[in-house]
Amino acid sequence: MAGGRVNLAMVFLMALHGLLPPSTHAALQDGFYGTSTNCTVDVEAVVRGVVEQHVSRSGDGGSGAGLIRLHFHDCFVKGCDGSVLIDPSPVNPDPEKASPANGGLRGIDVVEEAKRQLEATCPGTVSCADILAFAARDAAHVLSSGAISYDVPSGRRDGLTSDASGASQSLPPPFAQLDDLVRAFASKGFGIDELVALSGAHSIGRAHCSSFRDRIHPAVHETMDPSYGEDMRSRCPEDAGAEEWVAQDQATPGDLDGRYFENVLAGRVPFNSDRALIDDGETRRMVEENAGDQVEWAAKFAAAMRKMSELTGTGEGEIREFCHVTNRG
Ligand code: HEM
Ligand SMILES: *[C@@H]1O[C@H](CO)[C@@H](O)[C@H](O)[C@H]1NC(C)=O
């Protein structure tokens, strides 16, 4: 359609496509790009290369932590369809990114860089949703020094819609209680063992002061370790600005290592949603098991991440040209 020439075969295919029932979606496949497309580059290797260039265990895990959170926030809202990547625009001023649940997102530049490289070699072929799913997996591999490893099936389509209200409904807030968390995860088909294992992602990355201010001001909450609480009060004073943050895991901030579970047991975590995992005997036992056996935890985390990557929405969608905007703008 570029240059105004209309290709009849294309029009036919588009009309045919319009007749397909909207809920039809192909099952995801391991190695989809190698077997089901004409793309001759190794798509997953391209993504891995970009991730390895940008992600390291230094600091708090930086954009790698961002990618893992992005993938969770993508998949829990209408399935893994890249809807979290959409920027506000005149036609859609209120996408998922505008929800408070998506404050502080980072790592999107890594997805965009991989997309740019793949558009150059295999135009119109690789979805942003697949790139994000691969990139989160690769970030977990890097930040865990190889302990976390799993295959990501692919063939996702990029969604056509993105609404802030969807994110606010599906993503629990940091002040959530255990029953809220269990309900939110159950509604996506995840059991409590998976909720606990996945929460181990809070072994990396950052927590903005604003998301746990109420646990340290005016006083350190009784469920928090007092010396940790004092430390948090000095890093996040009452008048801390919106940009100020701390590492979620003060001990090993850039290692996706399950240290988180020891922190939860010790009361050394910023969010109530982390602390709350020991409010119940059964979830407390799971936290203790994960703290005691990090190899076992890494396997559970990998399995739950793969399962998260398989959450699908309506299956309607497209291959976006740019990840931050649908092809219609
Ligand atoms: C169980 C409910 C959860 C709640 C309430 C929650 C909440 C939060 C909040 C408030 C932040 C801080 C964001 C910031 O201040 O920049 C955060 C960060 C993060 N979350 Fe969660 N989260 C949950 C589960 C998960 C899951 C399941 C994953 C992935 C498997 C995940 C991965 C991350 C990562 C990696 C970060 C650090 C992001 C960065 O440093 O940019 N979270 N989470
Ligand atoms: C791959 O290329 C062949 C030959 O040009 C074409 O017939 C086929 O439809 C293409 N397959 C895909 C999935 O694009």
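Among what's in the range 283-329 and is part of a helix (DSSP H, G or I) and of a type in the set (Asp, Glu), pick the residue that is nearest to ligand 2 (Cβ to nearest atom). Among those residues, the one meeting the criterion is Glu296. Looking only at the range 135-167, which residues are of a type in the set (A, V, I, L, M), assigned to a loop (DSSP other than H, G, I, E, B) and buried (at least 19 other Cβ atoms within 10 Å of the Cβ)? Correct list: Ala147, Ile148, Val152. Mind listing just one residue for me: the one in the range 244-272 that is polar (S, T, N, Q) and touching an Asp or Glu at 6+ places or on another chain (Cβ under 8 Å) and, of those, surrounded by the most Cβ atoms within 10 Å (Cβ to Cβ)? Here the residue is Asn263. With respect to (1) out of contact with any His (no Cβ under 6 Å at 6 or more places or on another chain); (2) part of a helix (DSSP H, G or I); (3) over 18 Å from Val77 (Cα atoms), the lone exception for Ala101 is condition (3). Only one entry of Glu321, Glu282, Glu288 meets the criterion of being within 22 Å of the chain's Cα centre (by Cα), touching a residue at least 24 places away in the same chain (Cβ under 8 Å) and surrounded by fewer than 19 Cβ atoms within 10 Å (Cβ to Cβ), and that entry is Glu321. In summary, Ser170 fulfils each of the numbered conditions (1) polar (S, T, N, Q); (2) within 15 Å of the chain's Cα centre (by Cα); (3) surrounded by fewer than 16 Cβ atoms within 10 Å (Cβ to Cβ) with the single exception of condition (3).
From the set of residues in the range 295-308 that are of a type outside the set (A, V, I, L, M) and surrounded by 19 or more Cβ atoms within 10 Å (Cβ to Cβ), which is farthest from His202 (Cα to Cα)? Among them, the one singled out is Lys300.
Residues in the range 168-184 that are over 14 Å from Asp280 (Cβ atoms) and in a helix (DSSP H, G or I) were compared, and the one that is nearest to ligand 1 (Cβ to nearest atom) is Ala184.
Under the condition of being outside any helix (DSSP H, G or I) and under 25 Å from Ala136 (Cα atoms), the residues counted in the range 253-282 number 9.
For the range 190-220, residues that are touching a residue at least 40 places away in the same chain (Cβ under 8 Å) and outside any helix (DSSP H, G or I) total 7. Just checking, does the range 61-74 include any residue being out of contact with any His (no Cβ under 9 Å at 6 or more places or on another chain), of a type in the set (Val, Ile, Thr), closer than 19 Å to Met305 by Cβ and at pLDDT 95 or above? Yes, that holds for at least one residue.
Of all positions in the range 73-85, none carries a residue that is outside any loop (DSSP other than H, G, I, E, B), aromatic (Phe, Trp, Tyr) and more than 16 Å from ligand 2 (Cβ to nearest atom). Residues that are over 15 Å from Pro270 (Cβ atoms), within 16 Å of the chain's Cα centre (by Cα), buried (at least 18 other Cβ atoms within 10 Å of the Cβ) and among the aliphatic types (A, V, I, L, M) do not occur anywhere in the range 207-218. Within the set Asp81, Asp42, the sole residue that is away from ligand 1 (no atom under 13 Å from the Cβ), modelled with pLDDT of 95 or more and touching a Cys at 6+ places or on another chain (Cβ under 9 Å) turns out to be Asp81.
The values are calculated or read from the model by the stated rules, or taken from the named source; none is laboratory data. Keep in mind that what you see is a predicted model, and the values were worked out from it rather than measured. Positions of Cβ are generated from backbone atoms using ideal geometry, with glycine treated the same way; all protein chains shown enter the neighbour counts.
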